[in-house]
Amino acid sequence: MNPLGVRTRGSTAGPVLELAGDLAYDSAPRVRDLLPTLVLEPGQQLLIDLGGLTFCDSSGITVLIAARNHALAARATLALAAVPDHVARILRLVGLEPVLPSYPTVQDATESWIRGAAGS
């Protein structure tokens, strides 16, 4: 197993959560516990960068749903960036693609948020 690396930073759109390594049963609680500490203002975007993710099990998918719920509770949105093929396949199979929008890069997700904010 690859230990999970977690890094947070800010962006124009809102907080960015970068995950690298294995998001699994043993590491998912760490990320879930971090979510309430990510301050989101209404209209912002919580962005999760999965570019470094090497493995994701059902516990990891549950964390992504919890992140979406955290964003919705703040009247914000959630976006995923750089979703690895193996994770995209899982999201597609379980029907989560429509509720967990993804972008090729963090920059693409941020630019999409900016375009959306400008149209509001």
Identify the single condition in (1) in a helix (DSSP H, G or I); (2) in contact with an Asp or Glu (Cβ under 6 Å, 6 or more places away or on another chain) that Ile65 does not satisfy, given that it satisfies every other one.
(2)
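Search segment 25-43 for residues being closer than 20 Å to Ala74 by Cβ and over 13 Å from the mean Cα position of the chain (by Cα), and hand back the single one that is surrounded by the most Cβ atoms within 10 Å (Cβ to Cβ).
In this case the residue turns out to be Leu40.
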For segment 35-57, the count of residues that are more than 22 Å from Ser112 (Cβ to Cβ) and modelled with pLDDT under 95 equals 0
Collect the residues in segment 82-115 that are in contact (Cβ under 8 Å) with a residue 40 or more places away in the chain and aliphatic (A, V, I, L, M), keeping them in residue-number order.
Val106, Ala109, Ile114
Consider Ile61 against the criteria (1) hydrophobic (A, V, I, L, M, F, W, C); (2) in contact with a Leu (Cβ under 6 Å, 6 or more places away or on another chain); (3) closer than 22 Å to Leu4 by Cβ: it satisfies all of them except one. Which criterion is unmet?
(2)
Exclusive hit being among the basic types (Lys, Arg), at pLDDT 95 or above and under 22 Å from Pro3 (Cα atoms), set Arg68, Arg92, Arg75, Arg32:
Arg32
Is it the case that segment 38-58 has a residue that's at positive phi and touching a residue at least 60 places away in the same chain (Cβ under 8 Å)?
yes
So is Asp22 surrounded by fewer than 15 Cβ atoms within 10 Å (Cβ to Cβ) and farther than 19 Å from Ser11 by Cα or not?
no
Going by the conditions given, is Gly5 surrounded by 11 or more Cβ atoms within 10 Å (Cβ to Cβ) and on the phi > 0 side of the Ramachandran plot?
no
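The values are calculated or read from the model by the stated rules, or taken from the named source; none is laboratory data. Given the structure is predicted, the values throughout are model-derived calculations rather than measurements. Quick reminder, even Gly has a Cβ in these numbers, built from the backbone with ideal geometry, and neighbours come from all protein chains shown.
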